[in-house]
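Working notes, structure below.
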Amino acid sequence: MIAEPAANTITRPYRGLSLQDVDIPLTARAIGTLLRQREIYRRTAFIVLRNNGETALVAVRPEDPASLFSPVAELRVLSGPATTAWIDEPSADVSNASALAAAALARQRDGVLAYVVQGLFEHVNFIWRPAPLTIRVTEVVPPHPPKLLAMAQQAVDYDEDLPPVTLVLDSVDVRQLMADHSAPHYLLPCRGSGVAAGYEVSFLDCHPAYHPDWLLIGCDRSVQFHEHFYGAQPRRVDLCPRARAARQPGERLLTKCCLLERDIQVDGATAVVPWGANLDEVRSALRALCGIPPAASPQAAPYRPAGTAPDTGP
């Protein structure tokens, strides 16, 4: 028996969904009669039926998955017109669960189970009971948007294996730390901190002349640099996003740490990337937080003489 989908189910890949216009009433009886008279493509797992502006979603299983087409062995009408919404969202990448969830939740209606989205290139997919996972991104600002948040959004927009994800910024604001800790002179880790106006500020990465009265707004690595440059420990306010994250356990959390120089570290619901993380590391961290194995490394295609066809079928 075909089971009801779990929340956030989409068709993966979306070629497994067939869209068909029909002239029958979209009732379970009429749909069953129609589809049992038809063959379906071996990759088809879901069928969206449309009639006069109404939409229904059906799960199907082919009788012989090895044949290109075969009769329907089993079907289940998952959602009829009363619980299925059709959405035109030309900017949505329908291969991406987060894009589907965003389109659905922007037009959410009580009682709707399945949101069918026609998006980019007029391709179609659905999402069942959208309920995005929230991942908090703890990062230093300015700049706005902070780099880690922007990279995480890029990975979410790209990775088709991820469930729908909502990223929420948890900012460590350098300006607020300065306002909360008055000092005649501040020492910030680098010019990328983006704060200077209205304050007496030096930047540690420029190795400025020593000021005995400055206050370092920085992390443990900044302290190490200070000790190396000046042979003394500074007064300091910690801005380490990883340290902040450790004080707020329980949620899925993505952050970074300059003591981690490569790869990622995952501790329960917290994933840490290096301060200079690349997109692959951020993507791996998000996959770990969502319980998805690391993405397979791309491999070169095997050599085939010119004019020969691949071994696998569609």
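Any read-out appearing in this document is the output of simple, stated calculations on the displayed coordinates, not a laboratory observation. Because the structure is predicted, anything quoted here is derived from the model rather than measured. Every residue, glycine among them, receives a Cβ derived from its backbone with ideal geometry; neighbour counts consider all protein chains shown.
Just the number, please: percent antiparallel of the DSSP beta bridges in segment 14-128, rounded to the nearest 5. Intermediate values should be presented prior to the final figure.
Numbers: 20 of 30 bridges.
Percentage antiparallel, nearest 5: 65.
If we count every other residue with Cβ under 12 angstrom of residue 95's Cβ, Lys/Arg +1 and Asp/Glu -1, where does the sum land?
Working: positive: 12, 15; negative: 93, 157, 159, 160, 161.
So the environment of residue 95 carries a net charge of -3.
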- Query: If we count every other residue with Cβ under 14 angstrom of residue 57's Cβ, Lys/Arg +1 and Asp/Glu -1, where does the sum land?
  - Reply: +1
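Treating only the Cβ of Lys, Arg, Asp and Glu as charged (+1, +1, -1, -1), what charge dipole size does segment 11-71 show about its Cα centre? Round to the nearest 20 debye. Kindly include the intermediate steps, with their values, before the conclusion.
On the way: 9 positive and 6 negative charges, 48 e Å.
Here segment 11-71 has a charge dipole of around 220 debye.
About its Cα centre, what dipole magnitude does the chain give when the only charges are +1 on Lys and Arg Cβ and -1 on Asp and Glu Cβ, stated in debye to the nearest 20? Could the numbers behind the result be given before it?
Numbers: 29 positive and 34 negative charges, 80 e Å.
Magnitude of the dipole: close to 380 debye.
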- Note on the structure: Taking only C-alpha positions in segment 132-293, Rg and Dmax in angstrom work out to 16.7, 52
- Item | Cα-based radius of gyration of segment 14-128 once divided by 2.2 N^0.38 Å, which approximates compact folds | 1.04
- Task: Would you mind ranking 244, 283, 109 by Cβ crowding within 10 Å, fewest neighbours first?
- Result: 109, 244, 283
- residue 263-residue 74 pseudo-label distance in nm [points 7 Å out on the Cα-to-Cβ vector]: 4.2 nm
- Query: If each residue's Cβ is checked for other Cβ atoms within 10 Å, how do 229, 121, 126 rank with the fewest at the top?
  - Reply: 121, 229, 126
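Just add up the charged neighbours of residue 247: K/R +1, D/E -1, any other residue whose Cβ is under 15 Å from the Cβ of residue 247. Mind dumping the intermediate values first?
On the way: positive: 136, 242, 244; negative: 170, 238, 251, 267.
Summing Lys and Arg as +1 and Asp and Glu as -1 gives -1.
Please compute the length gained on full extension between residue 15 and residue 1, using 0.36 nm multiplied by the number of residues separating them and subtracting their Cα-Cα distance. Don't jump to the answer; show the numbers that get you there.
On the way: separation 14, 0.36 × 14 = 5.04 nm, distance 2.26 nm.
Going from the current span to full extension adds 2.8 nm.
Starting with the highest mean, order 91-104, 259-272 by the number of other Cβ atoms within 10 Å, averaged over the residues of each peptide. Please list the in-between numbers first.
Details: 91-104: 22.7, 259-272: 15.6.
Ranked from most to least packed, the peptides come out as 91-104, 259-272.
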- If one computes the Cα centroid of segment 137-167 and of segment 53-93, what distance in Å separates the two points? 32 Å
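Above 31 angstrom, tally the Cα pairs of the chain and express them as a % of all pairs, no decimals.
Working: 24177 of 49141 pairs.
Within the chain, distances greater than 31 Å cover 49 percent of Cα pairs.
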- Of 241, 208, 142, which has the largest mean-square fluctuation in a 10 Å C-alpha GNM of the chain? 208
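What's the exposure ranking of 222, 67, going from fewest to most Cβ atoms within 10 Å? Could you put the intermediate results ahead of the total?
Values: 222 23, 67 12.
Exposure proxy ranking, most exposed first: 67, 222.
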